[in-house]
Each structure stands twice: as structure tokens, then as C-alpha cells.
Amino acid sequence: MTKYKPDAEDRREQRIRRLGFDDPMCVICGEDYVLCLEKHHVAGRKYDDTEVPVCCNCHRKLSDNQLDYPDSNPNQDRNLLTIGYFLMGLSDLFKLLAEKLMEFGNHLIVNAHSQEQIDE
């Protein structure tokens, strides 16, 4: 019996189902190649189920940042911990997004100067 081997479209559809988004793209850099996308737990897996789609590169950066968050202990208020970790996770998302926006803005300005020279 031959083993079924999913083709590119099957793999793409499987990934979209797993991600749970219709037209997924990285919320940081805009990567939309679905096989490069993953779900990131904003507050960390232990604290909240909220997930956003990010590419594997942005996910690595965000997850690494979470390793530097303060430790918690079982005696702390769970709701306060969840809110705290969620806010820190959002802050990390916004930092990466701000860097990407600066990069995009700079690229547009540089290209605008190049276009100006072409138009002359």
C-alpha cells in the first residue's frame, strides 16, 4: 500500500486550519507564506490562550524575550500575573512592530529620493 503524501496545496490548507486564520500573515513583518507562520501565545502558554500569527523568525524573537520575564510563584494572584504577562507580551509585539515600521518608512523615503532623480 502506498503512503499518502500531501501536495503543496494540502500542506498549505493544513497549516491554515492549524493556524485558525483565513488569510494569515505575520502581525509584525507581514510575511504571508503560510508554511513559515506559527501561533504565538502573547502572554506565554501558561498564562493565556490568546494567540497571534507570526513568522518563525519573529516568533523566535518574541519567545526569546519571554524567557527574560520575571518568574512567578504559585502564591501570586493568577489574574494579576496573566494581565502582567499579557501586557509584557504586547509590549514585545509593539517593539518589534515599531522597528519594522521604522524600517519600512526609511525604505519608502530612500526610494522616494531615488524616484525623484528618475523623474527629473
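What number, in percent, do you get for the relative contact order of the chain if the mean sequence gap of Cα pairs under 8 Å and at least 6 apart is divided by its residue count? Don't jump to the answer; show the numbers that get you there.
On the way: 109 pairs, mean separation 25.3, N = 120.
It rounds to 21 percent for the chain.
Under 19 Å Cα to Cα from LYS61, which lysines show up? Leave out anything in the same chain fewer than 8 places away.
Answer for LYS61, where 19 Å is the Cα cut-off: LYS39, LYS46, LYS95, LYS100, listed by chain and number.
Which distance in Å, rounded to a whole number, links the C-alpha centroids of the range 1-35 and the range 67-91?
31 Å
Where a Cα-Cα gap under 16 Å defines reach, which aspartates and glutamates qualify for LYS5, not counting those fewer than 8 residues away within the same chain?
GLU13
Out of (1) 13.9, 45; (2) 19.4, 69; (3) 17.3, 62, which label holds the value of Rg and Dmax of the Cα atoms in Å that was computed here?
It is the one labelled (2).
Every read-out reported here was derived from the displayed coordinates using simple, explicitly stated rules and does not represent laboratory data. Worth saying up front: this structure is predicted, and the values here are computed from it rather than measured.
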